[in-house]
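Remarks on the structure that follows.
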Amino acid sequence: MPDILQPQPYVSPWMKDEVADVVTLARTFFEREVTPHQERFAEQHQVDKETWLAAGAAGLLCISVPEEYGGGGGTFAHEAAVLWEQGKAGDDAFGYSVHSSIVAHYLLAYGTEEQKQKWLPRMASGELVGAVAMTEPGTGSDLQNIRTTARREGEHYVINGSKTFITNSSHAGLVVIVARTGGEGAQGISLIVAEVDELEGFERGRVLAKIGQHGQDTRELAFTDMRVPVANLLGDQEGQGFYQLMTQLPQERLAIAVGAVGSAELAYELALAYTKEREAFGRPIGAFQNTRFTLAEVGTDVLAARTFLDHCVQLHVDGALDAATASRAKYWTTDVQCDVIDRCLQLFGGYGYMLEYPIARLYAGARVQKIYGGTNEIMKELISRTL
Ligand SMILES: Cc1cc2nc3c(=O)[nH]c(=O)nc-3n(C[C@H](O)[C@H](O)[C@H](O)COP(=O)(O)OP(=O)(O)OC[C@H]3O[C@@H](n4cnc5c(N)ncnc54)[C@H](O)[C@@H]3O)c2cc1C
């Protein structure tokens, strides 16, 4: 019998058996390949190409893609184990989620056998990095309104347009482009995969200066009469892109939620440790009632977020995560993340505002979680439509 007078460590029910091994593997990967290089990644606005290869060699990329395509043969629980450890490592430079949880799954769900064989093994090894290009300078939330066109000319699509805020843009060799192959509205949208290295008409724009996530290569992309084989269309006919996006977005949103809770838990642990050491008025700041109450509150928030997250992860592993529940997970956990980190940062005083302290980087990095993957307002819009 557990001693109920003592706090019991919480273990997520899905983090068991070989998923627990993935947690350990991912922790080691972030400790060795990412955390020691965080400052350099931030300065160069990207991770190293070797970071991708090391993740591939460790078996972390495309971990929930079947082994026949070079993946790890796991479920979303395995994917979530990596995302969780990334959150707990305080890393926001490595674009794992876009590559592994999103792009690989577009290929897996809608690719032909030939497309899967061609791209997934190279994505699993880290040789080919994936990006997804939806957002344009003129439209983000209103995805049905995108202007990038893909005009059919013989056996090619001729693509024209520009995208912005695209994660993994410096390293990406494979870009899933949301383009208009038909008329206005959702029915005119298709997903086309481009192998962009040395592709004529493809241009990587400037690296965008962000308030946080400095190690992440977020850029604009431009397509000028860029020719892509018709065989690179995802799906058996044009016009399915919007439906394909809507079907895959719940996984993207849940992936964001996993990182959000991992990061919030890290902030709580950092604050707990700091307030035991830092002294004011002759005693540790952790001894003040305000500090103790703040820590009691944020620790409760993190636990509540984690148990809700676990519910959603299990639903997704069982194939039962609906779009509205994924939206609830995305908006609420990212709100909790920003709130928890803000309150923990306050306990660091001025040091909390200094970028050399992880809590400051967590604060700056967290803000965008409420914006990308569909803004939190759009999440509430989607939920409210189901009421
Ligand atoms: C760091 C970063 C990385 C990103 N990575 C990628 C990527 O890899 N690929 C990609 O395609 N995109 C990416 N994005 C883009 C991101 O998904 C969009 O920024 C987001 O969807 C919002 O679109 P927007 O910026 O055009 O804002 P807008 O759509 O212009 O929204 C502005 C404001 O209006 C609100 N709003 C809009 N419509 C409604 C409505 N119907 N009801 C209520 N409020 C509304 C929004 O919630 C928001 O508060 C990234 C963005 C950032 C900042």
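FYI, it's all coordinate maths here, none of it is from the lab. These numbers come from a predicted model, not from an experiment. Note that we place each Cβ from the backbone using ideal geometry, even for glycine, and neighbour counts take in every protein chain shown.
Counting only residues that are within 17 Å of residue 170 (Cβ to Cβ) and touching a Phe, Trp or Tyr at 6+ places or on another chain (Cβ under 8 Å), segment 100-126 holds 1 of them.
Out of curiosity, is residue 241 buried (at least 21 other Cβ atoms within 10 Å of the Cβ) and either within 16 Å of the ligand (Cβ to nearest atom) or among the aliphatic types (A, V, I, L, M) (or both)? Yes: the conditions hold for residue 241.
Considering (1) closer than 21 Å to residue 311 by Cβ; (2) under 19 Å from the mean Cα position of the chain (by Cα); (3) hydrophobic (A, V, I, L, M, F, W, C); (4) not in a helix (DSSP H, G or I), the lone condition that residue 14 does not fulfil carries the number (2). Taking into account only those residues within segment 128-174 that are assigned to a strand (DSSP E or B) and near the ligand (Cβ under 7 Å from one of its atoms), which is surrounded by the fewest Cβ atoms within 10 Å (Cβ to Cβ)? By that ranking, first place goes to 139. If you go through segment 28-49 and pick out every residue that is crowded, with 18+ Cβ neighbours inside 10 Å and either assigned to a loop (DSSP other than H, G, I, E, B) or touching a residue at least 60 places away in the same chain (Cβ under 8 Å) (or both), you end up with 8. The lone criterion from (1) over 23 Å from residue 270 (Cα atoms); (2) in a helix (DSSP H, G or I); (3) within 16 Å of the ligand (Cβ to nearest atom) left unmet by residue 68 is number (3).
Residues that are in contact with a strand residue (DSSP E or B) (Cβ under 6 Å, 6 or more places away or on another chain) and away from the ligand (no atom under 15 Å from the Cβ) within segment 200-223 comprise 201, 202, 203, listed in sequence order. When segment 88-106 is filtered for residues that are more than 16 Å from the ligand (Cβ to nearest atom) and either part of a helix (DSSP H, G or I) or within 22 Å of residue 177 (Cβ to Cβ) (or both), only 88 remains. Is there any pair with a first residue in segment 147-171 that is farther than 13 Å from residue 222 by Cβ and a second that is among the basic types (Lys, Arg) and not in a strand (DSSP E or B) whose Cβ atoms are under 9 Å apart and which are 6 or more apart or on different chains, and what are they? Here the result reads 171/49, each pair linking segment 147-171 to a residue that is among the basic types (Lys, Arg) and not in a strand (DSSP E or B). Residues that are within 16 Å of the ligand (Cβ to nearest atom) and touching a helix residue (DSSP H, G or I) at 6+ places or on another chain (Cβ under 6 Å) do not occur anywhere in segment 293-316. Restricting attention to segment 333-387, the residues that are within 16 Å of the ligand (Cβ to nearest atom), of a type in the set (Lys, Arg) and out of contact with any His (no Cβ under 9 Å at 6 or more places or on another chain) add up to 4. Only residues that are in contact (Cβ under 8 Å) with a residue 12 or more places away in the chain and closer than 21 Å to residue 115 by Cβ were counted across segment 183-200, and they come to 10. Selection of segment 175-188 for residues being away from the ligand (no atom under 13 Å from the Cβ) and not in a helix (DSSP H, G or I) yields 180, 181, 182, 183, 184, 185. Can residue 381 be described as surrounded by fewer than 19 Cβ atoms within 10 Å (Cβ to Cβ), among the charged types (D, E, K, R) and assigned to a helix (DSSP H, G or I)? So residue 381 fits the description; yes.
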